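Report on one structure; see the data block that follows.
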Amino acid sequence: MYDARSGEMAVRLQASSIRLLRLARRDGQAGDLSGPKLSALSFVALAGPVSLGELAAAEQVRPPTMTRLVDRMLEENLVTREVDPKDRRIIRIAVTEEGRRLIEQARPQGEGGLAARLHCLADSERRAIARAVELLERVTRT
């Protein structure tokens, strides 16, 4: 169970996260790379080769939805399918060089607006946000 303060913090964090994602998506459109495609591609790039199930869970969509998205990314040469060397029944999704190039292309656009907003903060505020990011990464890893 959690206390009222944690519950209020969770509500505020969720609302802020949604606004932050909308801001990043608005600033970070990379040509034909849609928000869901960029999100999935970024996850695969960071997490390494992942199974379709892991990717679907991370993106909070059903496996058939993720299968369609991965199929489109395969057609566009953004990802590959690899057989897991430890268990040949498992297929892992990996990012191609073209996929990495598109992620890198999208990053300056998406981060530019946010970086400018962060730059306007005092050094102590930026340090506080850096610490909060570390904690959020820890919270979201589980």
Once R0 is set to 25 Å, what does the formula 1/(1 + (r/R0)^6) return for the Cβ-Cβ distance between R12 and R127, expressed as a FRET efficiency to the nearest 0.05? 0.75
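For the chain, compute the orientation-averaged projected area of the C-alpha convex hull (one quarter of its surface), in nm².
Over all viewing directions, the chain projects a mean Cα-hull area of 10.8 nm².
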Value of relative contact order over the chain, rounded to a whole percent, pairs C-alpha under 8 Å and six or more apart: 27 percent
The longest stretch of the chain containing none of the trypsin sites (Lys or Arg not before Pro) that sit in a DSSP loop with at most 16 other Cβ atoms within 10 Å is 1-85
Near the amide H of I90, under 5 Å away, which other amide H atoms are found, from residues 5 or more places off or on another chain, if H is placed in the peptide plane? D84
Helix 4-27: angle to the longest alpha-carbon principal axis of the chain, degrees 0 to 90, nearest 10? 60 degrees
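Read-outs throughout are calculated quantities, based only on the coordinates presented, and are distinct from any laboratory measurement. Predicted model only: the values in this text are computed from it and were never measured. Backbone-built Cβ (ideal geometry, glycine too); neighbour counts: all protein chains shown.
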